[in-house]
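To start, the structure under review is shown below, and the notes come after it.
Bear in mind these aren't lab numbers, they're just calculated from the coordinates by the rules spelled out. All values reported here derive from a predicted model rather than from experimental measurement. Cβ sites come from the backbone with ideal geometry, for glycine too, and all protein chains shown count toward neighbours.
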């Protein structure tokens, strides 16, 4: 067909292709694009919870115009249906208010510049509440006396109220509840206000002026002073009253007076149970039967000036010299103080003191107090008794030898206690026996029948066994010497017997010369120097061997480290070194000893260090018995091989 029609149900760019063919079968085609246009409507509401007649909300257009590569087709008109019978045209973002409670469906139709339109409807998008009508009632509005308790009931018209704000005419009385129970504590007339609010914030207020009336008497009074001394008077005066028919004064001390104003009353005794005040009360009433009877009161302080103090928390103090007494002021009502502690000390201020009474005797502590404001005075005195300490005698300091017992005595009291409790047969007697193992000082505390104590001490110096040691060799060879070092506690001396081969028999350093073979036993007596303690006997034994031997090392290392740097000849029973020669491997004599066993070869020849090698050593010696012999190796040869190591 040469013409066709098409109906598109969705927006977008549509491509139309036309193909033609002639009778010879030749063909051609062409492409034509068509924009199918439709705007997309949408909107929102600024506030969808409204109060009827008072709230206005704005509708915000969120629609989008159709746009493609072929062009954009802007929206040019907006048709709004607010669901309450009202419409508007041509306004993109209108505002609207609702006059009635309900839920509303809103529709929007938008039209673009080609006349293409599209609509959207949002059901129940706006919810509207009516303004509540505030009202309330009470169970009673007029009262003859106070306190008066009133029950308030909410009578407001609305199904949506969530908040009730009550003001019942008394400051700080606002509460949030639909029913309120409130007590009025003073007479007056009171305005009552109720503000109700729905869940959408819709409010209404009602005020009922002078709605509650509470009757009853009121009165106030003053006093000439609220603080007095005993036997002083106070004047009471009613200064303000209302609706008072009669009144009565009760002064708190079991006395009263009726219908006198002003009135003066004298207080002649102190409050009971250690109190310092009376409660004075004015009773008043507004009817003959006193059905509505009220009262106001005040406190009258009776300023009693009473001197008192404690001695160590008691009324008197006694004890042993030196006696320390804690003095604490317990006076009442004073403004000035004069202390005399009886020991030469005084004070005019302070509440706690610590006084020391050094000497035995009886002391009087006095306190005079006054109240300069009210002119009250008082004085009290108390005793301090100081007992003398017992006079004791104790054994003088002494010295004993270790292992001995000693008797210690003390006198002058009734109770004895020795310390420390070591090495004593008992600790609670005037006579004790000590068996000390070391020097010790005992302290004895003596207590008399009044509980007073003195103490003294006695030192027992124990001459203990000495510590000693003998350092020396227990085995020697003939012609050897040994140094014996004697270590002995200070204050002790020693003596050796016999004195054979000893350089000294009582010195701290003794030289023993082994001249003959055999076993030598020495008796050593150790005694303390200046005391009469028994001596200690000890033995010291030295064995002198007759063995004779020549010893030559197999190697030495003259490297200057102080260890094995020199080749010496050693042995036992050697009286003299007769021959000590060293030869190198070529038979050259590189060292010859001059016959002194204390000299040796240092590994040099004519001052030149010799090489590491093995050298031949020949040694001959004469022994203590006069015989002579060469040192021989294990093969019986007189040649010994010694290695020089560097």
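Things worth noting here:
- Rg/Rh ratio calculated on Cα atoms of the chain (Kirkwood radius): 1.47
- Among beta bridges that DSSP assigns inside the stretch 218-302, antiparallel share in %, nearest 5: 95 percent
- Spacing of the two label points (7 Å from each Cα toward its C-beta) at residue 47 and residue 441, in nm: 9.7 nm
- For the pair residue 598 and residue 409, the difference between a 0.36 nm per residue extended length and the Cα-Cα distance amounts to 61.1 nm.
- Among 401, 320, 26, a tally of other beta-carbon atoms within 10 Å of each Cβ gives an order, fewest to most, of 26, 401, 320.
- Contact order normalised by residue count of the chain, Cα under 8 Å, 6+ apart, percent: 5 percent
- Remark: spin-label model distance residue 487-residue 288 equals 12.3 nm, labels positioned 7 Å along the Cα→Cβ axis.
- Label-point gap, in nm, between residue 60 and residue 606 - each point 7 angstrom along Cα→Cβ: 12.2 nm
- Separation of alpha-carbon centers, the stretch 1-26 and the stretch 71-144, rounded to whole Å: 48 Å
- Entry note: the stretch 1-129 has Rg to Rh equal to 1.26, where both radii use alpha-carbon atoms and Rh is the Kirkwood radius.
- Normalised contact order of the stretch 546-642, rounded percent, pairs of Cα under 8 Å and 6 or more residues apart: 27 percent
- Relative contact order, percent, the stretch 468-545 [alpha-carbon distance under 8 Å, six or more residues apart]: 33 percent
- Residues in the stretch 369-390 that a label on residue 362 would reach, taking backbone N under 11 Å of a point 7 Å out along Cα→Cβ: 383-386
- Between residue 93 and residue 162, the contour length at 0.36 nm per residue exceeds the alpha carbon distance by 21.6 nm.
- At R0 = 60 Å, FRET efficiency that the Cβ-Cβ distance of residue 349 and residue 397 yields, to 0.05: 0.75
- Sorted by Cβ neighbour density within 10 Å, fewest at the top, the residues 437, 355, 402: 437, 402, 355
- Percent antiparallel among DSSP beta bridges (both partners in the stretch 16-88, rounded to 5): 100 percent
- Using all pairs of distinct alpha-carbon atoms, the Kirkwood hydrodynamic radius of the stretch 136-214 works out to 12.9 angstrom.
- DSSP bridge pairs, the chain: antiparallel proportion in percent, nearest 5: 90 percent
- Global form of the stretch 393-463, assessed from the alpha-carbon gyration tensor, a/c cut-off 1.5: prolate
- Stokes-Einstein D for the stretch 169-236, Kirkwood Rh over Cα pairs, 4 °C, 1.567 mPa s (µm²/s): 79 µm²/s
- Cα centroid separation - the stretch 29-48 against the stretch 197-238, whole Å: 75 Å
- Label-reachable residues, the stretch 373-399, where backbone N falls under 20 Å from a point 7 Å from residue 450's Cα toward its Cβ: 382-393
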